[in-house]
Ligand code: CP
């Protein structure tokens, strides 16, 4: 059985195959062909133990555009609330002849755990502060679309790196493709092992922006903060928030990204998020083609 559990388990050629497949699906969608018959005999369950807007909806749309049968599960409205375990929950779903499970879970490694205990293809849609592989794929795909290539580009990931699955998956994906990567944020929100991942560290936002071609702005993951981290939100915005004045003080135009959800006025101001420099909604658009590609390639190994 094949899975997508993290970028850590991929090779550079896997990413290129996903991108080429996504190119094909994006071209098909752009021709207003919104549905292809590829996965008519595949059933997919989207199993979400954590809230989501973009990931959940774009997986569902990707599956429907491939003509798969789709069922959606939200833990909050399920028998998990009566004490049912993760494995029992998924095995009951699989008993309904489901082939693939797309899962978001608050616990790091939940997808890896599940893949060892159930007979289905597992796609990790975000596991705690561990990995969010399809987000990193759509982020790199969006850089490739905007700048022509990912190799050789300078990319800075700004914000709460410590609690971010988006940061870790992006670091793995960008490094695999030959990008130069730095992280930027307050020391309290950078993991101690960060330099062992082969990325640079810059605590001064202006210097980081002067260095980069692309800045990927992350929000503070308040839901994962279990102690009071310095700085406060106001201090964070003063030191690490990106605004128009700061961007205009640079001697070049950089690309601004954000995985969403945005906390407007905290890590990014509206005049930046909604500017020409921002590719935030392109990232969301590309999420559908990337998820179609991932599901299509995994399903081709089931059939
Ligand atoms: N980027 C992202 O994962 O957004 P959602 O939490 O809304 O899915």
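Data overview
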quantity	calculated
Matching option when the condition is under 17 Å from residue 122 (Cα atoms) and out of contact with any strand residue (DSSP E or B) (no Cβ under 9 Å at 6 or more places or on another chain), among 79, 58	58
Residue check, residue 111 assigned by TED's automatic domain parsing to the domain that holds residue 93, surrounded by 21 or more Cβ atoms within 10 Å (Cβ to Cβ) and more than 13 Å from the ligand (Cβ to nearest atom)	yes
Candidates 199, 255, filtered to the one that is under 19 Å from residue 138 (Cβ atoms) and in contact with a helix residue (DSSP H, G or I) (Cβ under 6 Å, 6 or more places away or on another chain)	255
Residue 157 within 16 Å of the ligand (Cβ to nearest atom) and within 29 Å of residue 192 (Cβ to Cβ)	yes
Boolean, residue 240 is outside the structural domain of residue 14 (by TED's automatic domain parsing), buried (at least 19 other Cβ atoms within 10 Å of the Cβ) and at pLDDT 95 or above	yes
Any hit, the range 69-78, residues being part of a strand (DSSP E or B) and either under 30 Å from residue 232 (Cβ atoms) or touching a helix residue (DSSP H, G or I) at 6+ places or on another chain (Cβ under 6 Å) (or both)	yes
Residue in the range 91-108 that is surrounded by the fewest Cβ atoms within 10 Å (Cβ to Cβ), counting only those that are part of a strand (DSSP E or B) and within 16 Å of the ligand (Cβ to nearest atom)	105
Residue match in the range 230-237 (condition: closer than 21 Å to residue 168 by Cβ and away from the ligand (no atom under 16 Å from the Cβ))	yes
Subset tally (residues that are within 16 Å of the ligand (Cβ to nearest atom) and in a helix (DSSP H, G or I)) for the range 22-67	10
Number of the exception - residue 161 against (1) assigned to a loop (DSSP other than H, G, I, E, B); (2) out of contact with any strand residue (DSSP E or B) (no Cβ under 7 Å at 6 or more places or on another chain); (3) buried (at least 19 other Cβ atoms within 10 Å of the Cβ)	(2)
Filter result (within 16 Å of the ligand (Cβ to nearest atom), surrounded by 12 or more Cβ atoms within 10 Å (Cβ to Cβ) and over 14 Å from residue 212 (Cβ atoms)) within the range 243-265	258, 259, 260, 262, 263, 264
Top-ranked residue of the range 114-154 - restricted to ones that are away from the ligand (no atom under 16 Å from the Cβ) and within 24 Å of residue 69 (Cα to Cα), ranked as surrounded by the most Cβ atoms within 10 Å (Cβ to Cβ)	122
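The values are calculated or read from the model by the stated rules, or taken from the named source; none is laboratory data. Being a predicted model, the structure only gives us computed values, none of them experimental. Counting neighbours? That spans all protein chains shown, and the Cβs are built from the backbone with ideal geometry, glycine included.
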